[in-house]
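Below you'll find the structure, written out as structure tokens, and then a few comments.
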Amino acid sequence: MSRPGVGRPGLRADLQSQSILTRDGRIWVVKDPLSRQFFHFTDHEWSILRLFDGHRGLAEIGEIVSRSRHSGEIAAGHLTPRSLLQFAAQAARQRLLVVDPNHTEPRSGAGAVPKPSAADIQSPPPWYTHPLAIRCPGIYPDRWITTLHRWLSPVLTRGCLVIASLCLAFATAIAIVRMPQVLSDLSRLLAG
């Protein structure tokens, strides 16, 4: 093993994390106390992120994840060296990892990690592209949608939608037929 901090990405020690159990599984909420931002990770992502301890390189972490995935310690998921590199680059951009830029990983052999290209380094999508990912204290849009779905699902059946469409078509036909009378009544009202 190499010395910590020499080209080895390390998870910041001041980050605060807590797991939350949901219907879909466990979610890890990580708070950056400096920027006061919250990050959400799946159990699989968080278990990989915790491997970044400052002592291991990307190639070694990739090998550990590959072995752990086969033994069931880390949740299944296909992890290529390129996807691990993208994951580490994203965590570094979010300032969750501290990386020494003066050291590079080995470039040859089975554990080689390709250097990121401009296509690999992507900026995060704007906040407005995924409004359900916005989290404010006490505001849970996914809970609202679940509640609305529970209330509206009996109403939004195919039969109810056909009846609503027929009512709308009937109301439109009445408005079109009665439009001349409405316009004359309106002109008299405005004139008088």
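Quick note: the coordinates plus some simple rules give every number you see, no bench work behind them. All of these numbers come straight from a predicted model, not from anything done at the bench. Here the Cβ is made from the backbone with ideal geometry for all residues, glycine too, and neighbour counts use every protein chain on show.
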Projected area averaged over all directions for the convex hull of the alpha carbon atoms of the stretch 4-54, nm², comes out at 3.8 nm²
The extension gain from Val29 to Arg50, computed as 0.36 nm times the residue separation minus the Cα-Cα distance, is 6.2 nm
Distance in nm between Arg95 and Ile20 label points, each 7 Å along Cα→Cβ, equals 2.2 nm
